[in-house]
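Novice: This is the structure I want to talk about, given as structure tokens.
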Amino acid sequence: MIELTGTITAVSSLHIGTGKKSGTFSETLGYLPGRTIRGMVGYYLHSNERELFDKIRISEDTDMSKTGVFFKDALPVYVDKNTLTEKPTVASPVSLKWCKKCDNLMEYGIKECNNIVSGKKCLHEGKKVAGFVTKDSFITGKLEKADVKKHIETKCPITRGGHTSPGSDFELSPYHVESVSPKTKFSFRCIVEDEFADNMKRVLNEAGVFAGLGGYRSRGYGTVAFSEIRESQVSDIIEKRASEISEISNLMMVANSPMILMNQDNSIIGFGTEYGNIFNECATKTLTFSGYEGKLQFNLDNNDQVKQLLNEGIARGWSIKNDNKVSEVKPCIGHGSCAEITSNNHSALAALEVYGVGEMTNSGYGDVYFTGGKI
């Protein structure tokens, strides 16, 4: 397998629905879900290159060992305002606290910031930070948080009959669309079988222009450009990343995207639950088809409870098959949820970072990364 990485730049406004709507206002996400990117590529291939659509098995929804491509969420790029340096980001762990005044990473269990500012201790309290931050933030202790520019546009409905705006007595009203602004950049990543890598690079460029992604594409939204696409062998990535993970003390696993863990018809919120260790069952499936073996163990507190902190998220547009509605959403483990872990097989952890854990990992769900930290 080959990992493709690169940059997605918004050429036009982008609207990625949140799965919820408030009156006439439609909110947008601040990242590009792997499901949305997969939908863009799948639509383009189905319309223009049906043979490749079938060969790459992009429509597979249940058995992840049968698909030929895994799309990851494209997360916003952090831009340093002073140097204009660009860095990829990850979901901010909910266990970490940052100083409200100087944005310094707070030490575990410390309530006042010990950072020295102008020769004195800062002493301000900490806060949890949502959104997406650079991995350098954990190393340097200085918060680097992506800032996604958004705007709101008001649209007027057009009637099908006369192709005109409706009158004052018409049931449709003007509506308001929140959008990610043009020129916003996101870091792109997907895993694809070797034989399809060149085709995928070509298709991404074509689909971004001719298919577009997200909502309101008929209104001019959704055009994106892919650039700086690079490829690496997944086996090399796992070997390198396993070496890095082995150097981390106090391992913590962080959900880098919404994660769907199912127990029959129930969506599980939590890594260790009353249903048993559903997570390890899902992780074993990932490792089996990726060719690795191993397990991770969740650390327990004095009450034999998993050391974890959770956000609740939603899985948007769960399925369009089996008579399910496109707009259906399911509760799931949210961005930044984390748990303390122990493992003696770092290659297995690296493989989980590459492929993800749980349902529909080919659509970006279940992405994880490992870093140092305590709950």
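The values are calculated or read from the model by the stated rules, or taken from the named source; none is laboratory data. Bear in mind that the values here come from a model prediction, so they are computed numbers and not experimental data. Cβ coordinates were reconstructed from backbone atoms using ideal geometry, including for glycine residues, and neighbour counts include every protein chain displayed.
Novice: State whether one or more residues within region 83-106 are part of a helix (DSSP H, G or I), modelled with pLDDT under 95 and buried (at least 19 other Cβ atoms within 10 Å of the Cβ). If you could, list the steps in order and put the result at the bottom.
Specialist: Going residue by residue through region 83-106, those that are part of a helix (DSSP H, G or I) are none.
No; the residues of region 83-106 include none that is part of a helix (DSSP H, G or I), modelled with pLDDT under 95 and buried (at least 19 other Cβ atoms within 10 Å of the Cβ).
Novice: If I filter region 362-375 for residues that are modelled with pLDDT of 90 or more, of a type in the set (Asp, Glu) and part of a loop (DSSP other than H, G, I, E, B), do I get at least one hit?
Specialist: Yes, some residue in region 362-375 is modelled with pLDDT of 90 or more, of a type in the set (Asp, Glu) and part of a loop (DSSP other than H, G, I, E, B).
Novice: Which of the residues spanning region 10-23 are part of a strand (DSSP E or B) and either modelled with pLDDT under 95 or surrounded by fewer than 19 Cβ atoms within 10 Å (Cβ to Cβ) (or both)? So that I can check it myself, show each step before the final result.
Specialist: If we filter region 10-23 for residues that are part of a strand (DSSP E or B), which is where we start, we get 10, 14, 17, 22.
Answer for region 10-23, where residues must be part of a strand (DSSP E or B) and either modelled with pLDDT under 95 or surrounded by fewer than 19 Cβ atoms within 10 Å (Cβ to Cβ) (or both): Gly17, Ser22.
Novice: Among Asp73, Asp54, Asp103, which is the only one that is under 16 Å from Glu359 (Cα atoms) and out of contact with any Cys (no Cβ under 9 Å at 6 or more places or on another chain)? Walk me through it before giving the result.
Specialist: Working: Asp54 fails: under 16 Å from Glu359 (Cα atoms); Asp103 fails: under 16 Å from Glu359 (Cα atoms).
After applying the criteria, what remains is Asp73.
Novice: Now a separate question. When you scan region 283-297, do you find a residue that is under 18 Å from Pro331 (Cα atoms), crowded, with 19+ Cβ neighbours inside 10 Å and among the hydroxyl-bearing types (Ser, Thr, Tyr), even just one? Steps first, answer last, please.
Specialist: As a first pass, look at region 283-297 and keep what is under 18 Å from Pro331 (Cα atoms): none.
Checked against the condition, which is being under 18 Å from Pro331 (Cα atoms), crowded, with 19+ Cβ neighbours inside 10 Å and among the hydroxyl-bearing types (Ser, Thr, Tyr), region 283-297 yields no hits at all.
Novice: What number of residues within region 58-68 satisfy the criterion of being touching a residue at least 12 places away in the same chain (Cβ under 8 Å) and either polar (S, T, N, Q) or assigned to a loop (DSSP other than H, G, I, E, B) (or both)? Don't jump to the end; show me each part of the working.
Specialist: Of the residues in region 58-68, the ones touching a residue at least 12 places away in the same chain (Cβ under 8 Å) are 58-61, 64-65, 67-68.
Cutting the leftovers down to either polar (S, T, N, Q) or assigned to a loop (DSSP other than H, G, I, E, B) (or both) gives us 58-61, 65, 67-68.
Residues flagged as touching a residue at least 12 places away in the same chain (Cβ under 8 Å) and either polar (S, T, N, Q) or assigned to a loop (DSSP other than H, G, I, E, B) (or both) within region 58-68 amount to 7.
Novice: Which residues, taken from region 325-367, are touching a residue at least 40 places away in the same chain (Cβ under 8 Å) and either of a type in the set (Lys, Arg) or touching a His at 6+ places or on another chain (Cβ under 9 Å) (or both)?
Specialist: Lys330
Novice: Here's something else I'd like to know. Just give me the residues in region 103-146 being within 27 Å of Ser187 (Cα to Cα) and hydrophobic (A, V, I, L, M, F, W, C), in sequence order.
Specialist: Going through region 103-146, the residues within 27 Å of Ser187 (Cα to Cα) turn out to be 103-105, 127-146.
Residues satisfying the conditions are Leu105, Val129, Ala130, Phe132, Val133, Phe138, Ile139, Leu143, Ala146.
Novice: Working only within region 334-351, note down all residues that are under 18 Å from Ile237 (Cα atoms) and in contact with a strand residue (DSSP E or B) (Cβ under 6 Å, 6 or more places away or on another chain).
Specialist: Keep residues of region 334-351 that are under 18 Å from Ile237 (Cα atoms), which gives 345-351.
Within region 334-351, just Leu349 meets the criteria.
Novice: Within region 123-151, count every residue that is out of contact with any helix residue (DSSP H, G or I) (no Cβ under 8 Å at 6 or more places or on another chain), in a loop (DSSP other than H, G, I, E, B) and surrounded by 17 or more Cβ atoms within 10 Å (Cβ to Cβ).
Specialist: 5
Novice: Same structure again: Can you name the strands (runs of 3 or more DSSP E) wholly within region 223-318 that have at least 3 residues being under 26 Å from Ala197 (Cα atoms) and assigned by TED's automatic domain parsing to the domain that holds Arg189? First the steps, then the outcome.
Specialist: Numbers: elements: 224-233, 251-255, 261-263, 266-268, 312-315.
Ranges flagged: 224-233.
Novice: Sticking with this structure for a sec: Among the residues that make up region 85-96, is at least one of them free of Cβ contacts under 8 Å to residues at least 40 places away in the same chain, over 16 Å from Ile375 (Cβ atoms) and not small (Gly, Ala, Ser)?
Specialist: Let us first name the residues in region 85-96 that are free of Cβ contacts under 8 Å to residues at least 40 places away in the same chain, namely 85.
Now narrow it down to the ones that are over 16 Å from Ile375 (Cβ atoms): 85.
Going one step further and asking which of them are not small (Gly, Ala, Ser), we end up with 85.
Within region 85-96, one or more residues are free of Cβ contacts under 8 Å to residues at least 40 places away in the same chain, over 16 Å from Ile375 (Cβ atoms) and not small (Gly, Ala, Ser).
Novice: Of the residues Gly109, Gly42, which single one is part of a loop (DSSP other than H, G, I, E, B), of a type outside the set (A, V, I, L, M, F, W, C), farther than 21 Å from Val357 by Cα and not assigned by TED's automatic domain parsing to the domain that holds Ala315? I'd like the intermediate steps shown before the answer.
Specialist: Details: Gly42 fails: part of a loop (DSSP other than H, G, I, E, B).
Sole residue among the options that is part of a loop (DSSP other than H, G, I, E, B), of a type outside the set (A, V, I, L, M, F, W, C), farther than 21 Å from Val357 by Cα and not assigned by TED's automatic domain parsing to the domain that holds Ala315: Gly109.
Novice: In region 112-122, which residue that is part of a loop (DSSP other than H, G, I, E, B) and hydrophobic (A, V, I, L, M, F, W, C) is farthest from Ser337 (Cα to Cα)?
Specialist: First, pick out the residues of region 112-122 that are part of a loop (DSSP other than H, G, I, E, B): 112-115, 118-119, 122.
Those left that are additionally hydrophobic (A, V, I, L, M, F, W, C): 113, 122.
On the way: Cys113: 23, Cys122: 28 Å.
Checked region 112-122; the qualifying residue farthest from Ser337 (Cα to Cα) is Cys122.
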